[in-house]
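Written out below as structure tokens is the structure these notes cover.
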Amino acid sequence: MPRLYFGHPINTYNTTLEERLLRKISLSFPSWEIENPNQQHHQEQYERWKETTGTGMNYFIKQVLPNCHGGIFLPFRDGAWPSGVFMEAKFIADKGWPIWMIVPSGDITALSLSRGVSLTREETISRVRTASGEIIPY
């Protein structure tokens with residue numbers, strides 16, 4: 001069964017929006033296994049990679065994404081791409097695998113990154129966390 005990676009901002013993790021989008025993705029891609037980065041084992045590995053390599057995203061780039069065959073990605077509400085989500089989408093697109101975009105309404109469209117620009121890591125962080133580290137609602 002092919003695996004579909006669901007890249008989405010961390011401020012949507014454990015929300016009703018995430019649950020709703022996961023249901024929509026499952027219904028829209030019934031023959032795909034959904035790889036959701038919002039799982040405890042992924043969070044633990046991310047932290048381990050961050051401690052040992054300095055970059056937690058390398059865990060997803062080197063361990064998770066190579067085992068996926070496509071991806072579906074959620075931008076911020078204004079259409080801006082979180083840096084990590086864009087990096088994941090680009091990795092999958094560069095492999096020649098299909099990518100899609102999903103928006104909060106649940107609409108799904110084919111995704112082309114040719115005109116897409118990601119926010120910087122700092123810009124992304126400022127949209128998902130306060131200065132004290134609390135999650136900012138999506």
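Ordering ILE125, ILE72, HIS41 by the projection of their Cα atoms onto the charge dipole of region 41-138, which places +1 on the Cβ of Lys and Arg and -1 on the Cβ of Asp and Glu, puts ILE72 at the extreme positive end. All C-alpha pair distances within region 36-107, sorted into 10 Å bins from zero, spread as 18, 48, 31, 3 percent across the bins.
In debye to the nearest 20, how big a dipole does region 1-52 give about its Cα centre with +1 on each Lys and Arg Cβ and -1 on each Asp and Glu Cβ?
Result for region 1-52 is approximately 200 debye, rounded to the nearest 20.
When the charge dipole of region 1-81 is built from unit charges on Cβ atoms (+1 for Lys and Arg, -1 for Asp and Glu) and taken about the Cα centre, the candidate among PRO9, LEU22, MET57 whose Cα reaches farthest toward its positive end is LEU22. Considering only PHE86, PHE76, PHE29, the Gaussian network model of the chain with Cα springs below 10 Å gives its largest mean-square fluctuation to PHE29.
Seen through its C-alpha gyration tensor, with square-root eigenvalues sorted a ≥ b ≥ c, the chain comes out rounded because a/c lies under 1.5. The charge dipole of the chain, taken about the Cα centre with unit charges on the Cβ atoms of Lys, Arg (+1) and Asp, Glu (-1), comes to about 220 debye, rounded to the nearest 20.
Values in this text are rule-based calculations from the coordinates and carry no lab data. Every value quoted in this text rests on a predicted model; they were computed, and no experiment measured them. Here the Cβ is made from the backbone with ideal geometry for all residues, glycine too, and neighbour counts use every protein chain on show.
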